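Student: This is the structure, below, for whatever I ask next.
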Amino acid sequence: MVALARKTLVYEWRRYLPASLAVAFSGMLLLVQLALVFGIFDSAAVYINASRGQIWVGYPGTQSIDLGRSIPRDAQMRLLMNPQVAQVEPFQWVNGDWRGSRQLGSVSVFVSGIDPAPDGLVFARAIPPALRARLEEPGAIIVDRADLPKLGIQVGQSGILNGQRVYLVGTTSGLRALGGVNIVTSLATAEQLNVGGDPRPAYYVARLRDPARAAVVAAQLDPHDRQRRYAVWSASTLAARTIHYWLFETGAGLGVVFMSLVVFLVGTVITSQTLMGAVAGSISEYATLNALGASHGALSRVVMEQAGWVGVAGLLGGGVLSAMVLLLAHSQDVPVGITVAGVTACAVLVMGITLFSGMLAVRTLRNADPARLLR
Amino acid sequence: MVEHVAIRGRGIGKSFTVGKVSTRVIDELSVDVASGELTLLSGPSGCGKSTLLAILSGLERPDAGSVEALGEQVWLLDRKALQRFRLHHIGFVFQGFNLFPALNSVEQVELPLSYLGLGAEETRRRAWAALDEVGLAHRRHMRPAELSGGEKQRVAIARALAKRPQLLFADEPTSALDSVSGQTVIDILHRAARVHGTMVLCASHDPRLIAHADRVLRMEDGRVLADEHHPHPPMGAHTTS
């Protein structure tokens with residue numbers, strides 16, 4: 001079988017380049033917007049994802065981790081009584097008001113009170129043990145280095161948080177918050193900063209002996225009671241709840257869908273026009289083949305195969321473009337999140353663009369009427 | 001003699017309507033075309049020769065009349081059956097060579113063969129033989145851009161011949177060619193009729209062709225005015241117009 005579709009693509013690549021570029025840029029736009037949205041909303045769940053525990057205990061019905069309320073201390077006992085649980089640690093959440101230099105005014109901040117022990121669970125992935133140990137000093141804080149300009153201080157300097165003086169002992173990365181600044185302190189410092197607030201922690205975090213059993217153990221530990229005063233989730237469930245809440249609370253989810261539609265439309269218009277032009281340019285050749293007995297179905301398959309290859313080339317190009325943009329974003333501390341499901345969804349959408357365009361181009365083949373060659 | 005008649009057209013009529021003006025292009029025309037001969041439809045442009053060619057070859061449906069090709073009533077076949085009939089029995093050569101720019105000569109010829117469901121080896125063998133027959137064995141791996149006009153037309157003829165059609169239709173095959181190339185093309189078409197017993201029906205206003213045709217049908221205003229047999233060894237043909 002003569003590989004007409006592929007040979008034509010290779011020989012007349014300039015003709016098909018716009019289609020492949022349209023597909024590549026569509027793919028990049030889809031993936032980058034998805035990565036940005038997931039990156040931004042991932043930071044809403046940074047407390048969970050940067051920590052090592054598999055079980056989170058918090059106020060029943062909490063939709064997003066930043067909406068936590070204090071829970072009774074006996075939850076900790078209940079956790080420790082379960083033989084699956086290896087370690088339990090409180091996590092304190094305090095809303096704060098930061099005053100750095102006079103020019104910057106006040107900044108709304110989220111204070112996370114964590115256990116500064118070297119084997120502490122919360123933020124274990126974001127704060128190395130040596131830095132973590134420095135939180136033992138009263139009034140010591142750690143922030144993301146990207147937040148320094150907002151707070152207006154450098155490491156070693158101090159600022160006023162909820163009316164009390166605190167000292168920046170170090171910075172790290174991967175702690176950026178959504179709609180404010182994350183400030184990490186020890187539980188003791190957080191207690192002092194929690195002026196007039198409920199002294200009980202908002203969450204307990206537990207590490208299991210077998211991390212794979214998180215969902216099962218969470219179900220076992222949850223009181224399942226209408227009057228329960230706390231609820232138990234696996235870390236991934238709470239993270240998903242949080243991201244879901246932000247996606248829809250902010251309307252960003254709808255934005256993603258809308259943008260995807262626009263990208264799909266633009267990609268399809270450019271790709272189909274290019275393919276139609278290519279078919280129209282070879283219409284006499286297709287008509288001759290039809291005169292010689294090749295069916296319209298066979299000719300349509302040639303066009304669809306071309307669309308498929310344009311899509312594959314576009315996917316590869318889009319993949320390279322996306323990787324470059326996302327690496328650039330990452331190097332600039334712009335939060336980006338890529339999931340296999342996200343990449344797959346983008347790839348499917350992009351192939352959808354090309355195949356839909358191919359179908360539109362196939363309609364141009366109706367002009368391949370061999371009788372016209374004799375007029 | 002009757003067994004040599006490949007195509008029998010009876011009472012063929014065709015009009016084209018542009019806006020409100022309807023033009024009668026073919027008028028009550030009946031014609032038989034024989035196998036093993038090069039038959040030439042000649043006449044001024046607009047005389048209806050290309051339209052007649054399209055109707056006899058199963059590309060353009062007539063308003064009236066019938067076409068029997070190889071014993072089959074062509075215009076009673078549905079679209080798919082007609083396509084299949086063309087695939088198995090009919091070859092075409094057009095004025096524009098209509099070669100795919102991306103394919104070399106062998107691939108141009110192999111392409112329609114691939115729809116016949118022949119094996120890869122048989123396809124290749126037939127393609128090489130057809131190119132050999134038109135004297136282009138040495139141009140096998142060249143693309144259209146590297147070939148002259150005459151060579152392109154010879155590739156197009158090889159593409160039509162490789163299917164081994166019983167019926168070969170050619171529309172102005174020499175009009176775009178210089179005299180030497182045109183002569184070569186005529187010789188190839190003539191040889192195809194003689195050697196393979198193919199019916200070759202050629203529409204052309206090129207006067208050079210007349211001397212080489214076994215039979216010339218002179219057309220004007222949608223009718224056959226004259227039916228001339230040339231002193232080549234005849235194999236039988238009639239018009240009943």
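The values are calculated or read from the model by the stated rules, or taken from the named source; none is laboratory data. Just so it is clear, the model here is predicted, and its values are computed rather than measured. Every residue, glycine among them, receives a Cβ derived from its backbone with ideal geometry; neighbour counts consider all protein chains shown. Remember, those area values only see protein heavy atoms, side chains included, never the ligands or the DNA or RNA. Shrake-Rupley method; radii C 1.70, N 1.55, O 1.52, S 1.80 Å.
Student: For the range A:37-51, state whether one or more residues are part of a loop (DSSP other than H, G, I, E, B) and more than 14 Å from every other protein chain (Cβ to nearest Cβ).
Tutor: Of all residues in the range A:37-51, those part of a loop (DSSP other than H, G, I, E, B) come to A:50-51.
Narrowing the set further to residues that are more than 14 Å from every other protein chain (Cβ to nearest Cβ) leaves A:50-51.
Yes.
Student: Inspect the range A:14-24 for any residue being buried (at least 21 other Cβ atoms within 10 Å of the Cβ) and among the β-branched types (Val, Ile, Thr) and give the result as yes or no.
Tutor: Of the range A:14-24, the ones buried (at least 21 other Cβ atoms within 10 Å of the Cβ) are A:16, A:19-20, A:22-24.
The next check asks that each one be among the β-branched types (Val, Ile, Thr); those that pass are A:23.
So far as the range A:14-24 goes, yes, one or more of its residues are buried (at least 21 other Cβ atoms within 10 Å of the Cβ) and among the β-branched types (Val, Ile, Thr).
Student: In the range A:283-295, what count of residues is obtained for those that are more than 7 Å from chain B (Cβ to nearest Cβ) and of a type outside the set (A, V, I, L, M)?
Tutor: Step one: filter the range A:283-295 for residues more than 7 Å from chain B (Cβ to nearest Cβ), giving A:283, A:286-287, A:290.
The next check asks that each one be of a type outside the set (A, V, I, L, M); those that pass are A:286, A:290.
Count: 2.
Student: Among the residues of the range A:299-339, which ones are within 14 Å of chain B (Cβ to nearest Cβ) and open to solvent by 10 Å² or more (accessible area, probe 1.4 Å)?
Tutor: Residues of the range A:299-339 that are within 14 Å of chain B (Cβ to nearest Cβ), as a first pass: A:299-303, A:305-306, A:309.
Result: A:Ser300, A:Arg301, A:Val302, A:Glu305, A:Trp309.
Student: What's the number of the condition A:Ala252 fails, among (1) within 14 Å of chain B (Cβ to nearest Cβ); (2) out of contact with any Gly (no Cβ under 9 Å at 6 or more places or on another chain)?
Tutor: All conditions are met except number (1).
Student: Can you name every residue in the range B:209-227 that is assigned to a strand (DSSP E or B) and either in contact (Cβ under 8 Å) with a residue 40 or more places away in the chain or more than 19 Å from the chain's Cα centre (by Cα) (or both)? If you could, list the steps in order and put the result at the bottom.
Tutor: Filtering the range B:209-227 for residues assigned to a strand (DSSP E or B) gives B:215-220, B:223-227.
B:Arg215, B:Val216, B:Leu217, B:Arg218, B:Met219, B:Glu220, B:Arg223, B:Val224, B:Leu225, B:Ala226 - these are the residues of the range B:209-227 that are assigned to a strand (DSSP E or B) and either in contact (Cβ under 8 Å) with a residue 40 or more places away in the chain or more than 19 Å from the chain's Cα centre (by Cα) (or both).
For (1) among the basic types (Lys, Arg); (2) more than 15 Å from B:Val200 (Cα to Cα); (3) in contact with a Lys or Arg (Cβ under 8 Å, 6 or more places away or on another chain), each residue gets a yes or a no:
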{"position": "B:His4", "(1), (2), (3)": "no, no, no"}
{"position": "B:Ile7", "(1), (2), (3)": "no, no, no"}
{"position": "B:Arg10", "(1), (2), (3)": "yes, yes, no"}
{"position": "B:Ser15", "(1), (2), (3)": "no, yes, yes"}
{"position": "B:Gly19", "(1), (2), (3)": "no, yes, no"}
{"position": "B:Thr23", "(1), (2), (3)": "no, yes, no"}
{"position": "B:Leu29", "(1), (2), (3)": "no, yes, yes"}
{"position": "B:Ser35", "(1), (2), (3)": "no, no, no"}
{"position": "B:Leu41", "(1), (2), (3)": "no, no, yes"}
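Student: Can you find even one residue in the range A:53-61 that is touching a residue at least 12 places away in the same chain (Cβ under 8 Å), within 14 Å of chain B (Cβ to nearest Cβ) and open to solvent by 30 Å² or more (accessible area, probe 1.4 Å)?
Tutor: Step one: filter the range A:53-61 for residues touching a residue at least 12 places away in the same chain (Cβ under 8 Å), giving A:53-61.
Cutting the leftovers down to within 14 Å of chain B (Cβ to nearest Cβ) gives us none.
No, the conditions are met nowhere in the range A:53-61.
Student: What are the residue pairs meeting all of these: first residue in the range A:344-368, first residue within 24 Å of A:Asn290 (Cβ to Cβ), second residue modelled with pLDDT of 95 or more and among the acidic types (Asp, Glu), Cβ atoms under 8 Å, and 6 or more apart or on different chains?
Tutor: none
Student: Right, next: Among the residues of the range B:141-160 satisfying the criterion of being free of Cβ contacts under 8 Å to residues at least 40 places away in the same chain and within 14 Å of chain A (Cβ to nearest Cβ), which is farthest from B:Arg126 (Cα to Cα)?
Tutor: B:Glu146
Student: Are there any pairs, at least 6 apart or on different chains, whose C-beta atoms fall under 6 Å, with the first in the range B:39-52 and over 21 Å from A:Asp369 (Cβ atoms) and the second assigned to a loop (DSSP other than H, G, I, E, B), and if so, which?
Tutor: What qualifies is B:Leu40/B:Ala213.
Student: So, of the residues in the range B:52-66 that are more than 7 Å from chain A (Cβ to nearest Cβ) and not small (Gly, Ala, Ser), which turns out to be nearest to B:Asp221 (Cα to Cα)? First the steps, then the outcome.
Tutor: As a first pass, look at the range B:52-66 and keep what is more than 7 Å from chain A (Cβ to nearest Cβ): B:52, B:55-58, B:61-66.
When the remaining residues are screened for being not small (Gly, Ala, Ser), the result is B:52, B:55-56, B:61-63.
Working: B:Leu52: 12, B:Ile55: 16, B:Leu56: 17, B:Arg61: 19, B:Pro62: 16, B:Asp63: 16 Å.
Selected residue: B:Leu52.
Student: Across the range B:14-55, what is the total count of residues that are touching a strand residue (DSSP E or B) at 6+ places or on another chain (Cβ under 7 Å) and in a helix (DSSP H, G or I)?
Tutor: Final tally of qualifying residues: 6.
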